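As structure tokens, the structure follows; a few thoughts come after it.
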Amino acid sequence: MKNIRSTHIILLFVVILGLSFIVGCVQPTVSDVTAPTVASAVPIDGTTGVALNGTINVTFDKSMSPSTISVSNFTLMAGASPVDGIVTYDDASLTATFTPIANLAVGTAYTATITTGMKDSSGNALAANMSWSFTTGAAVDNTPPTVISMVPANGSSGIAVTDSITANFSEGMNIATINTTNFTVKAGSTSVAGSVVYDVPNHAAVFAPTANLAASTVYTATVKTGVKDLAGNALVSNAVWTFTTAATGAGPAPVNLRTAGNFVILAKTAITNVPTSAITGDVGLSPAAESYITGFSQTKHTGYSTSPQVTGFIYAADMTPPTPAKMTTAISDMQTAYTDAAGRPLPDFTNLYAGNLGGRTLAPGLYKWGSSVTIPTNVTVSGGANDVWIFQISGDLTVSSATSVLLIGAQAKNIFWQVAGQVILGTTAHFEGIILSQTQITLQTGASMNGRALAQTQVVLSQNSVTKP
């Protein structure tokens, strides 16, 4: 009897051990509990002159449950009158489309609404209903859009391996159709990985390669007939053009800014300005709101703002979609570029001149300092047009007043200043290159800059000139 009981106990112990082993081997499933968000809505909130035969589109940030994309959860109203339509969902583009059964009325205000009845593929609902409005024009639009210009231009050469590729359209486009399916870049038959964003005020699609392009290589960019205007008219034929990248220069590979390279000033917490400054290029702020961009006397538009001090556009995280998604991507790309620059190994020069660059001439290469760097008198950056400089600075970077960074043969777009501390450009100083600061960038009164100020906190301006390279 004792032997039987002992055997049972041993068997039970073995079973328990076995179950424990099995449970231990089973990895817990991580559930998706994040609510979906709207990346863009077309027509954009507040748009006027919308074509009578247009569709209403909402693009989400994740895959949605098709059964929840319905006329009960996606409505269009003219005042208190509902508009009859058909709602469809395309999972490839993450886009829900409301197509009115008949043309919309002339000169009429419409309000579109999507509800929390819409859920993602994991069952998470939208956090809140979303409504936006637009006003129709007087005509049906049957005219197809065209690509009116490309950057780089067709047949151009010597293009930087970090450059984005842009197609400018003849009219406003449906954001949902501007994607990597309809805008491709290839080297021969090899596709280039990248992301595509739509620049609303310029009616432009911008392809930003994920990695640097290859040097001395012919690339073919194609915008396909899948892109459509706001009335649903497609390109008549693919727009195809080629360009050739520049030869490899001396020094390290350049830092790929991706979509952060679309901005001349980019920050996370604030951009302050003492008028009057002259900024050439776009200005962006995220996750802080536009109220933290001060001193520019902005005029608000749908999805962006303008200023007499900015030759370009101003974007912030709280503007109408698709701007919030655009800014989130740009900030992420800025941080990735900073990490890339900071992590480059095997410097050519370490703690050169103990961090005092005054009066020196700097050849192409990777430089590293475990301290702050000062430029008390003029410094010269000398090399070829395709050469690259990366300066890794673990402390601050200070340029004294009335002091300049001078270029001989070098290009500002190929000079990267990675600074873990803050950057101070003194009164009337002149600076060349792209600043990637983990903290704050300050341009004191009258300082000028040919490059980009990309800060992970704030950028402080005071009657400055900042020009994109």
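Since every read-out is calculated from the coordinates, none of them should be taken as a lab result. Please read these numbers as outputs of a predicted model, since none were measured by experiment. All Cβ positions, glycine included, derive from the backbone under ideal geometry; neighbour counts span all protein chains shown.
Starting from the Cα gyration tensor of the stretch 365-423, take the square roots of the eigenvalues, sort them a ≥ b ≥ c, and report rounded, prolate or oblate (rounded when a/c is under 1.5, otherwise prolate if a/b is larger than b/c, else oblate). Walk me through the numbers on the way to the answer.
Values: a/c = 2.40, a/b = 1.30, b/c = 1.85.
Note, shape of the stretch 365-423 comes out oblate.
Within the stretch 186-202, whose backbone N sits under 17 Å from a point 7 Å along Cα→Cβ of I148?
So the set is 199-202.
Need one number: nm distance between label points at T377 and S332, each 7 Å from Cα along Cα→Cβ, rounded to one decimal.
Calculated label separation equals 4.8 nm.
How many angstrom separate the Cα center of the stretch 364-386 from the Cα center of the stretch 123-153?
Centre-to-centre distance over Cα atoms comes out at 46 Å.
For the stretch 322-345 and the stretch 233-293, what is the separation of their C-alpha centers, rounded to whole Å?
11
Tell me the net charge near T311. Cut-off is 13 Å between Cβ atoms, T311 excluded, with +1 for each Lys or Arg and -1 for each Asp or Glu. Could the numbers behind the result be given before it?
Numbers: positive: K468; negative: D282.
So the surrounding residues net to 0.
How would you classify the chain from its alpha-carbon gyration tensor, with a ≥ b ≥ c the square roots of the eigenvalues: rounded for a/c under 1.5, else prolate if a/b is greater than b/c, otherwise oblate?
Taking the square roots of the gyration eigenvalues as a ≥ b ≥ c, the chain is oblate.
Please give the contour-minus-distance gain from A211 to V71: 0.36 nm per residue of separation, less the Cα-Cα distance, rounded to one decimal in nm. Show your work: numbers first, answer last.
Working: separation 140, 0.36 × 140 = 50.40 nm, distance 4.16 nm.
In short, 46.2 nm is gained.
Considering amide H positions built from the backbone, and no H for Pro or chain starts, which residues 5 or more places from A105, or on another chain, come under 5 Å of its amide H?
none
Compute the Cα gyration tensor for the stretch 38-136, then decide on rounded, prolate or oblate, letting a ≥ b ≥ c be the square roots of its eigenvalues: rounded whenever a/c is under 1.5, prolate when a/b is larger than b/c in the other cases, and oblate in all that remain. Display every interim value, and only then the final one.
Values: a/c = 1.88, a/b = 1.85, b/c = 1.01.
Cα axes put the stretch 38-136 in the prolate bin.
Taking H as built 1.01 Å from N, whose amide H comes closer than 5 Å to the amide H of N174, not counting residues under 5 places away?
Residues meeting the criterion, in which the H sits 1.01 Å from N, are K228, D229, L230.
Using modelled amide H (1.01 Å from N, peptide plane; none on Pro or chain starts), what sits under 5 Å from the amide H of D141, excluding residues fewer than 5 places away?
Hits under the 5 Å cutoff: L52, N53.
Along the stretch 96-102, what does the Karplus equation 6.51 cos²θ - 1.76 cosθ + 1.60 (θ = phi - 60°) give for ³J(HN,Hα), rounded to whole Hz, x for Gly and Pro?
9, 10, 9, 10, x, 5, 10
Restricting to Cα pairs below 8 Å that are 6+ residues apart, what does the relative contact order work out to for the chain? Please round to a whole percent. Please list the in-between numbers first.
Values: 1263 pairs, mean separation 50.0, N = 469.
In percent, rounded to a whole number, it is 11.
Could I have the simple spin-label model distance between A187 and V274, label points 7 Å from Cα toward Cβ, reported in nm to one decimal?
The modelled label-to-label distance comes out at 4.8 nm.
How far, in nm, would the chain grow between T248 and K300 when pulled straight, counting 0.36 nm per residue and subtracting the alpha carbon separation?
Values: separation 52, 0.36 × 52 = 18.72 nm, distance 4.29 nm.
That pair, T248 and K300, stretches by 14.4 nm at full extension.
If you average the sequence gap of Cα pairs under 8 Å that are 6 or more apart and divide by the length of the stretch 38-136, what percent do you get for the contact order? List each step's numbers first, then the result.
Numbers: 215 pairs, mean separation 34.1, N = 99.
Relative contact order, the stretch 38-136: 34 percent.
With θ set to phi - 60° and the Karplus curve 6.51 cos²θ - 1.76 cosθ + 1.60, what are the ³J(HN,Hα) couplings of the stretch 447-457 in order, to the nearest whole Hz, using x for Gly and Pro?
With coefficients 6.51, -1.76 and 1.60, one gets 5, 10, 8, 10, x, 9, 10, 10, 10, 8, 10 Hz.
With θ set to phi - 60° and the Karplus curve 6.51 cos²θ - 1.76 cosθ + 1.60, what are the ³J(HN,Hα) couplings of the stretch 196-207 in order, to the nearest whole Hz, using x for Gly and Pro?
10, 10, 10, 8, 4, x, 9, 6, 10, 9, 10, 9
Under a crude label model (7 Å from the Cα following the beta-carbon direction), how far is D32 from S156 in nanometres?
With each label point 7 Å from Cα toward Cβ, the separation is 3.8 nm.
Taking every DSSP beta bridge with both residues inside the chain, roughly what % is antiparallel (nearest 5)? Can you show the working numbers first?
Details: 61 of 132 bridges.
Counting DSSP beta bridges with both partners in the chain, the antiparallel share is about 45 percent.
If the cut-off is a Cα-Cα distance under 30 Å, which lysines reach K368, setting aside same-chain residues fewer than 8 apart in sequence?
Leaving aside lysines fewer than 8 places away in the same chain, those within reach of K368 are K268, K413, K468.
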